[in-house]
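What follows is a set of notes on a single structure, which appears directly below.
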Number of protein chains: 2
Amino acid sequence: MDHSTFKPDYLYQQVITVVKEMVEQELLLPGDKLPSLRAMASRLRVSIPTVQQAYQQLEMTGLVVAREKSGYFLQSGHDTATPRRSKLPAKPVMVNKQQLIEQVYEGIHLPDVAPLGLANPVAAASPQQALAKSMRQAMRQAQERMLDYGAIDGLTMLKAQIVQYYLALGLTVNSDDLIITNGAQEAIAIALQCVTQPGDIVAIESPCYFGIVELVENLGLKAIEIPVCPDDGLWLDDLSAALSRHSIKACLFSTSINNPLGSQMPESRMQQLLKLLCAHDVVLIEDDVYGDLYFGEQRIRPAQCFATPGEVLTCSSFSKTVAPGYRVGWMLAGPYSARAKRFKRALSCSAPMMNQWALADFMASGEFQRHLRQLRKRLYDNKQKMRLAVQKYFPEHVRVSDPKGGCVLWLDLGGAYDGGLFFQLALRAGISVAPGAIFSAYERYRSCVRISYGLPWSAEMEGYVRTLGALVQQAKKQPQPQSV
Amino acid sequence: MDHSTFKPDYLYQQVITVVKEMVEQELLLPGDKLPSLRAMASRLRVSIPTVQQAYQQLEMTGLVVAREKSGYFLQSGHDTATPRRSKLPAKPVMVNKQQLIEQVYEGIHLPDVAPLGLANPVAAASPQQALAKSMRQAMRQAQERMLDYGAIDGLTMLKAQIVQYYLALGLTVNSDDLIITNGAQEAIAIALQCVTQPGDIVAIESPCYFGIVELVENLGLKAIEIPVCPDDGLWLDDLSAALSRHSIKACLFSTSINNPLGSQMPESRMQQLLKLLCAHDVVLIEDDVYGDLYFGEQRIRPAQCFATPGEVLTCSSFSKTVAPGYRVGWMLAGPYSARAKRFKRALSCSAPMMNQWALADFMASGEFQRHLRQLRKRLYDNKQKMRLAVQKYFPEHVRVSDPKGGCVLWLDLGGAYDGGLFFQLALRAGISVAPGAIFSAYERYRSCVRISYGLPWSAEMEGYVRTLGALVQQAKKQPQPQSV
């Protein structure tokens, strides 16, 4: 310490500035180990005590923590154990995540691998019996029509049921504005094509479902990610800042329940969101696929319920509630309907007929709502059990989300750990997980993973969590030569 | 005539040149009435006898015909009564046909309208019973898996059957290169996106199935149309000329059986086609949906059978042979497979599971091939009956195609008639037809219509043809002020 007193103040200040810049540029993430005293000193051509003085100073401000015999780490924890929200990035980027996403898909669909990487909530409480009954009805009553091309915008019977469904949420939908699609994925693809051109900037969530990251890449759009708070959803201040700074063409948010965080945007904030978008004249595409899978007292309604025509395109599907294999979703396209139908027609003609008929019957019979109640209950139980298991089997420093709905947990293994490596290790152990890096168009969430509690809970499931917990230490990043 | 001898030669030559230019620019189409002597004289500021001399000269060359009390008409007939091939257009164009196509779709799906505008061959001999059996099998044996997401590239069982199907055609397909899609339309959309960027030039057929015209428009591609001969398919000389003149990125042809002409490209010409494309290093996307619906001794195999890897992407489906409402098609993507799978995933995840399972069972049971034999026989009978009816009930000057497969007749009402007006008149009479104009990215085929013989033949069907035949005279073009 004596030594350092000979150094002028600005030298240790300089070290502090460098560390803060590394944080700003996300070269250091929460939980990451700071460069060693020796490495930092040599890099900045200052003495080791100067670096130490800077690190101690940073420790006093709470930005870093010292760990005995390990060194200094960027602060990763607050008093809550859920992951924290990320920062608003400086600029929109072209997306380049397909190859990584592909590897994950390959892992998910390997035989004999427990599919914890896949978000399939239906597995928790399959409506198999009731749905099979509806399908047999479809075959008996409408076999002939099933072999025909259907209308581009979908089977009238099913559309009528979906109109009813929204009516129960207080929303009057014009049947002409409702288009049945091949799952919500196609609905979102069409919605994006309705309101954007290649090269346009689209605001997405951070973290964001990787199917959307990939779609944005495929359509040649630029993405800017708006941080999502694990509790209340989208960070409106950041969105406001982004809307002021960039010429954003459309927003694509899962307003009701976010995947992977499981956060939920209160309806009051949803109204604020709409006001903000209206002021900037930006369209909202909302992905409401998890909207019905809430754990609270009641459903957060889709933003469409609070919007005036043309402000919001709503995309949803039966894939997260009834049967992903049916490939039936829909969109409320409002004034974009004519355009959306043209895209639908040119992309894939109509949706599968018999599946539409069976789903219409499933809804009309009351089985849909009965099944949803059952599914929500089961998913909530699964969530509680899996969170407990994670807390039991994972190292203490691992942060885990407490989702307000949906079927996935989001884990932050800490900055010293590599989610991609963890994904590989888990796959070798016969378990698929989804690595954090695919949930962002940027280089983010590399220390995170998403695991699903959509499968029925069992001793086997608990075993998977135990196995995963034991793998965390092996997923520690290899020390690499760092450059500032 | 005396009068004209005072005129120097170049005046009547000038009239001839103007007429030939009008033909070149397609302002005059085969069968069109030439401007009256008086109108032409006034427009070109020459005397009426000068124009008459020119028209008589043109009559001698065979380009125009004089009809008593009617005037002069552009020659529309040869000794055959089938429509003639069109010309190679001068340059590629951005497509703008969606609104027109939309009106047609709306007509097709109106209730109580006989859907002669829709090409649905399956209606001719529905495999309903056997397919229902396969679907029940699917529900019994695989109900649980049906509720799951399937693999992006499709159900392994079905892929194995399609591999077998190609093996019987002498083609060995690597299962990894086969991707199940939501019908051929999605397969073609993906194939185009694999090999082109917006703004690229794509060669399509002329006339061309309107679903492709629309898709090319949606993807922001430019189209150049290559004339199709009613007998032998694509006109290779024209293709060769177009390939030399334009930087064509991909060709999209229905090589085996064209829609709407029903022409068929002999395998020897298909090999020439491939040689030509290879020399110019241009990829062929082939639409083989009608390939199995041939009327000759044996199937014309898809171009894929004669190609080396990467030259051809083959798109096909069960929509024209088994069940359009199932929405199951496929593509052979060869070296483009990885890219194609990414597009498939981002566009619509996987194809409907149960439908895939049922089709796999339908193929494995031998019912598919049995059904195809039956369907071909029925379609051939329908074609013969509908052609006879057209010859019986339509005015003599109407040309009708003699398709070598598929389910549609292509009628040329003659240049004095408006196919769009005929479409409107037919719709008012309770019959949908497809107007010729939607089968081209250019202003072509305005005097044509397509009608389907895919519905079971009956006295009612004959009645529809009689009604349509009686409407032709009403579809005569209104005389309009013409400008040169």
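The values are calculated or read from the model by the stated rules, or taken from the named source; none is laboratory data. Owing to the predicted nature of the structure, the values given are computational and were not obtained by experimental measurement. Every residue, glycine as well, gets a Cβ built from its backbone with ideal geometry; the counts of neighbours run over all protein chains shown. Side chains included, ligands, DNA and RNA excluded: accessible areas come from the protein's heavy atoms. Shrake-Rupley method; radii C 1.70, N 1.55, O 1.52, S 1.80 Å.
Okay, here's what the table says:
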| item | result |
| --- | --- |
| Segment A:141-155, residues that are closer than 22 Å to A:PHE343 by Cα and within 10 Å of another protein chain (Cβ to nearest Cβ) | A:ASP148, A:TYR149, A:GLY150, A:ALA151, A:ILE152, A:ASP153, A:LEU155 |
| Check on B:MET354, closer than 30 Å to A:ILE108 by Cα, under 26 Å from the mean Cα position of the chain (by Cα) and outside the structural domain of B:GLY405 (by TED's automatic domain parsing) | no |
| Check on B:ALA138, within 20 Å of A:ALA123 (Cβ to Cβ), surrounded by 21 or more Cβ atoms within 10 Å (Cβ to Cβ), within 13 Å of chain A (Cβ to nearest Cβ) and out of contact with any Leu (no Cβ under 6 Å at 6 or more places or on another chain) | yes |
| Number of positions in segment A:315-343 that are outside any helix (DSSP H, G or I), more than 14 Å from chain B (Cβ to nearest Cβ) and within 27 Å of B:VAL216 (Cα to Cα) | 2 |
| Filtered residues of segment B:229-269 (kept if within 12 Å of B:LYS404 (Cβ to Cβ) and assigned to a strand (DSSP E or B)) | B:CYS229, B:GLY233 |
| Subset of segment A:446-459 [over 15 Å from A:ALA426 (Cα atoms), without any contact (Cβ under 8 Å) to a residue 40 or more places away in the chain and not polar (S, T, N, Q)] | A:ALA459 |
| Options B:ALA184, B:ALA189; residue that is within 20 Å of A:LEU215 (Cα to Cα), crowded, with 24+ Cβ neighbours inside 10 Å and within 14 Å of another protein chain (Cβ to nearest Cβ) | B:ALA189 |
| Qualifying position, being farther than 24 Å from B:MET265 by Cβ, surrounded by fewer than 23 Cβ atoms within 10 Å (Cβ to Cβ) and in contact (Cβ under 8 Å) with a residue 60 or more places away in the chain, among B:ALA241, B:ALA132, B:ALA160 | B:ALA160 |
| Conditions (1) in contact with a His (Cβ under 9 Å, 6 or more places away or on another chain); (2) under 16 Å from A:VAL465 (Cα atoms): number failed by A:ARG399 | (1) |
| Pairs, first in a strand (DSSP E or B) in segment B:430-445, second modelled with pLDDT of 95 or more and of a type in the set (D, E, K, R), C-beta under 7 Å, six or more apart | B:ALA434/B:ARG450 |
| Residue among B:ALA346, B:ALA279 that is open to solvent by less than 10 Å² (accessible area, probe 1.4 Å), in the same structural domain as B:ASN258 (by TED's automatic domain parsing) and in a helix (DSSP H, G or I) | B:ALA346 |
| Lone qualifier among A:GLY415, A:GLY463, A:GLY406 - being within 17 Å of A:PRO115 (Cβ to Cβ) and open to solvent by less than 10 Å² (accessible area, probe 1.4 Å) | A:GLY406 |
| Counted residues, segment A:349-367 - those being open to solvent by 10 Å² or more (accessible area, probe 1.4 Å), among the hydrophobic types (A, V, I, L, M, F, W, C) and more than 13 Å from every other protein chain (Cβ to nearest Cβ) | 2 |
| All positions within segment B:244-276 that are open to solvent by less than 20 Å² (accessible area, probe 1.4 Å) and farther than 21 Å from B:THR196 by Cα | B:SER256, B:ILE257, B:ASN258, B:ASN259, B:PRO260, B:LEU261, B:GLY262, B:SER263, B:MET265, B:MET270 |
| Given (1) within 14 Å of another protein chain (Cβ to nearest Cβ); (2) open to solvent by 20 Å² or more (accessible area, probe 1.4 Å); (3) not in a helix (DSSP H, G or I); (4) not acidic (Asp, Glu), index of the condition B:TYR72 fails | (1) |
| Test: residue in segment B:378-388 that is in contact with a Lys or Arg (Cβ under 6 Å, 6 or more places away or on another chain) and touching a residue at least 40 places away in the same chain (Cβ under 8 Å) | no |
| Matching residues in segment B:135-154 - criterion: being of a type outside the set (Lys, Arg), modelled with pLDDT under 80 and out of contact with any Cys (no Cβ under 8 Å at 6 or more places or on another chain) | B:ALA142, B:GLN143, B:GLU144, B:MET146, B:LEU147, B:ASP148 |
| Qualifying residue in segment A:409-421 (condition: under 17 Å from the mean Cα position of the chain (by Cα) and on the phi > 0 side of the Ramachandran plot) | no |
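Residues are listed down the side, and each one gets a yes or a no for (1) assigned by TED's automatic domain parsing to the domain that holds A:GLN384; (2) touching a Ser or Thr at 6+ places or on another chain (Cβ under 9 Å); (3) among the hydroxyl-bearing types (Ser, Thr, Tyr); (4) closer than 21 Å to A:LEU293 by Cα:
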| position | (1), (2), (3), (4) |
| --- | --- |
| A:GLY420 | yes, no, no, no |
| A:ILE431 | yes, yes, no, no |
| A:ILE438 | yes, no, no, no |
| A:GLY454 | yes, no, no, yes |
| A:LEU468 | yes, no, no, no |
